[in-house]
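Asker: What follows is a single structure, and I will ask about it in a moment.
All of the numbers you see were taken from the coordinates with simple rules; none came from a lab. Because the structure is a prediction, the values reported are computed rather than measured. Cβ placement follows ideal geometry from the backbone for every residue including glycine, while neighbour counts extend to all protein chains displayed.
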Amino acid sequence: MQVSVENTSALERRMTIGVPAERIETEVNKRLQQTARKAKIPGFRPGKVPMSVIRQRYEDGARQEALGDLIQATFYEAVVEQKLNPAGAPSVEPKTFEKGKDLEYIATFEVFPEFTVAGFESISVERLSADVADSDLDNMLEILRKQNVSFEVADRAAQNEDQLNIDFVGKIDGEAFAGGSATGTQLVLGSGRMIPGFEDGLVGAKAGEERVLNLTFPEDYQNLELAGKTAEFTVTVNTVSAPTLPELNETFFKQFGIKETNIEGFRTEVRKNMERELRQAIKSKVKNQVMDGLLAANPIDVPKALLENEVNRLRVQAVQQFGGNIKPDQLPAELFEEQAKRRVELGLIVAEVVKQFDLKPDDTRVRELIQEMASAYQEPEQVVSWYYKNEQQMNEVRSVVLEEQVVDTVLQKASVTDKAVSYEEAVKPVEAPQAD
C-alpha cells in the first residue's frame with residue numbers, strides 16, 4: 001500500500017492511498033466464494049453453482065462491496081501508519097477505479113490540533129469567599145413565602161404586588177397587532193412581565209375601570225417587528241386581588257418536602273441548601289475564570305468537523321428546550337457558532353491538560369461529589385447507591401471531577417486573589433458582556 005500526505009492547511013490533510021490490484025481481487029474472490037456457498041440458482045444444487053455463473057451474476061456487486069470495505073480499512077491503516085489523528089470522517093475521491101488495476105484514491109480530512117497547554121502564570125483568578133448570615137437566611141425565607149403567595153379579591157385600588165385580572169387590546173396606528181390582545185389574563189403588578197409602563201399604568205385602578213396606556217416597545221424588544229414602536233393599549237380591570245403571604249408553619253414546611261415541623265429545623269434545612277448553593281456558585285465562578293484564562297492563553301485552530309458537530313448538538317438542545325414544530329437544521333448555524341467554538345476549544349484544551357499532567361478522576365472526590373448532590377434529597381443513601389449502580393451517571397460525575405482537577409492544576413500556577421463578599425454577591429450570576 002502506497003501512502004503520501006499533503007498538508008493543505010493548518011489542520012487539513014490530503015492523503016493519497018494506493019491499494020494493489022492483487023489485494024482487491026483477493027477480497028472480491030472471498031466474497032464470491034461466500035456467495036457461492038449459499039446462492040440459489042435454478043438448475044443447480046446449493047453450493048454446486050459453477051464459479052463462472054457466480055461471477056457473471058454477482059461480481060459487480062461483490063467488487064463494489066469490496067472496494068467500499070477496502071477504502072475504509074486502508075484509510076484506517078494509513079492514518080495509523082502516518083501517525084495522524086483524524087477529527088472527522090474523510091471526503092473520498094477515487095483517482096483510478098478500473099478492474100484489474102491498482103485502486104488509488106484521495107482522502108481529505110482534518111486532524112486534531114497538536115499543541116501544548118501553557119500560560120498558566122498569566123491567568124488571574126478572583127476567588128470569592130462568603131458565609132450565610134442570619135439576614136441572608138431571613139431574606140430567603142421571605143422569598144420562599146412570596147413564591148407561595150395566594151391572592152384574595154380586594155375592594156380597593158390596585159397596588160404594586162397585587163394580582164389583576166385584565167382584558168386588553170393593543171393597537172399600532174389604530175390597527176390591532178398579533179399578540180397584542182388577551183382576555184382574562186392574570187398580572188401581578190411590579191412583576192416586570194409586560195413592557196415598561198404597562199404595569200405602572202394600572203397602579204390605582206379599580207375593578208371595572210378601563211384605562212388607555214400609550215407605551216413604546218423597547219428598542220431591543222425580542223419581536224423585531226414591534227421594537228421601538230408606539231402602541232395604545234386599552235385595558236379593562238376585571239378584579240383586583242391582594243397578596244397574602246403564607247405563615248411559616250408545618251403546612252408551609254411540608255410543601256418543600258422537609259420533615260421538620262418547627263421553624264428552627266426549617267431554618268437549618270434552608271441554611272444547608274443555601275450553603276450548598278454558595279459553594280457551587282463560588283466553584284463555578286472560579287472555573288469560568290480559569291477556562292477564560294486557558295482560552296486566552298492558548299489560541300488554537302478548531303477542526304470544522306468538530307465545530308459542525310457541536311453546532312448540531314446545540315441546535316438539538318435548543319429544540320428540546322423550547323419545543324415547537326421547528327426542526328434542528330432549520331435553526332441558523334450562526335446562532336450557535338460562537339458558543340460551539342468556545343465549547344470545542346475548551347474541550348480540546350482541557351483534554352490536553354489531562355494528558356499533559358496525567359490526571360485521573362480521584363475516587364474520593366467522586367464519592368464526595370455524589371454525597372454532596374445526594375444531600376439535597378430526602379433519602380441521600382438511596383441516591384448514592386443509585387449513582388454507583390449506573391455506570392453512565394458515574395462517568396458523568398467522573399468527568400465533572402476531572403474538570404475540577406484541571407481547574408485545581410491551573411490554580412496552582414495562576415495568580416489567585418481571595419476576596420470576602422456577601423452571600424448575595426457570591427451567588428449573583430455573572431453578567432454576560434454586552435455586544436458592541
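Asker: Place a +1 charge on the Cβ of each Lys and Arg in the stretch 150-244 and a -1 charge on the Cβ of each Asp and Glu, then give the dipole magnitude about the Cα centre in debye, rounded to the nearest 20. Don't skip to the answer; put the middle values down first.
Answerer: Values: 6 positive and 15 negative charges, 22 e Å.
So the dipole magnitude of the stretch 150-244 works out to roughly 100 debye.
Asker: While we're on this one: Would you list, by chain and number, the aspartates and glutamates whose Cα falls below 13 Å from the Cα of Lys95, excluding same-chain residues fewer than 8 positions away?
Answerer: The qualifying aspartates and glutamates are Glu104.
Asker: Something else about it: So, in nm, how far is label Arg23 from label Glu372 when the simple model puts each one 7 Å beyond its Cα toward the Cβ?
Answerer: So the label points at Arg23 and Glu372 sit 5.1 nm apart.
Asker: HN-Hα J couplings of the stretch 287-298 from phi, Karplus 6.51/-1.76/1.60, θ = phi - 60°, integer Hz, Gly and Pro as x?
Answerer: Values per residue, Gly and Pro as x: 4, 4, 5, 5, 5, 4, x, 5, 4, 5, 8, 9 Hz.
Asker: Straight-line reach from Lys254: which lysines have a Cα under 25 Å away, not including same-chain ones fewer than 8 places off?
Answerer: Lys146, Lys272
Asker: Looking at (1) 0.96; (2) 1.01; (3) 1.13, which value of Rg/Rh (Cα atoms, Kirkwood Rh) comes from a calculation on the structure shown?
Answerer: Matching entry in (1) 0.96; (2) 1.01; (3) 1.13: (3).
Asker: In a shell of Cβ-Cβ distance under 15 Å around Gln82, excluding Gln82 itself, what net charge do Lys and Arg (+1) and Asp and Glu (-1) give? Don't skip to the answer; put the middle values down first.
Answerer: Values: positive: Arg13, Arg14, Lys83; negative: Glu6, Glu12, Glu77, Glu81, Glu110, Glu114.
Net of charged neighbours comes to -3.
Asker: While we're on this one: Express the relative contact order of the chain as a whole percentage, based on alpha carbon pairs under 8 Å and six or more residues apart in sequence. If you can, show how the numbers build up before the last one.
Answerer: Working: 594 pairs, mean separation 76.7, N = 436.
With pairs under 8 Å counted, the relative contact order is 18 percent.
Asker: Check Val416: other-chain or 5+ apart residues with amide H under 5 Å from its amide H, H built from backbone geometry?
Answerer: The answer is Val125.
Asker: Moving on to the next point. Collect residues whose amide H, placed 1.01 Å from N in the peptide plane, falls under 5 Å from the amide H of Leu103; neighbours closer than 5 in sequence don't count.
Answerer: When sequence neighbours closer than 5 places are left aside, the close amide H contacts are Val19, Ala21.
Asker: Let me ask you something else. Label Ala178 and Val53 with points 7 Å out from Cα along Cα→Cβ: what is the distance between them in nm?
Answerer: 6.8
Asker: What ³J(HN,Hα) values, in whole Hz, does the Karplus curve 6.51 cos²θ - 1.76 cosθ + 1.60 give for the stretch 90-104 when θ = phi - 60°, with x put for Gly and Pro?
Answerer: Running phi through 6.51 cos²θ - 1.76 cosθ + 1.60 with θ = phi - 60° gives x, 9, 9, 10, x, 9, 10, 8, 10, 4, x, 10, 4, 8, 10 Hz.
Asker: Need the list of lysines near Lys171 for cross-linking: C-alpha distance under 24 angstrom, and skip anything on the same chain fewer than eight residues off.
Answerer: Lys206, Lys229
Asker: Collect residues whose amide H, placed 1.01 Å from N in the peptide plane, falls under 5 Å from the amide H of Leu128; neighbours closer than 5 in sequence don't count.
Answerer: Amide H to amide H, under 5 Å and 5 or more residues apart or across chains, Leu128 pairs with Lys419.
Asker: Still on this model: How would the stretch 360-423 be classified by its alpha-carbon gyration tensor: rounded, prolate or oblate, with rounded meaning a/c under 1.5 and the a/b versus b/c comparison settling the rest? Could you put the intermediate results ahead of the total?
Answerer: Details: a/c = 3.78, a/b = 1.57, b/c = 2.42.
Because a/c hits 1.5 or more and a/b fails to exceed b/c, the stretch 360-423 counts as oblate.
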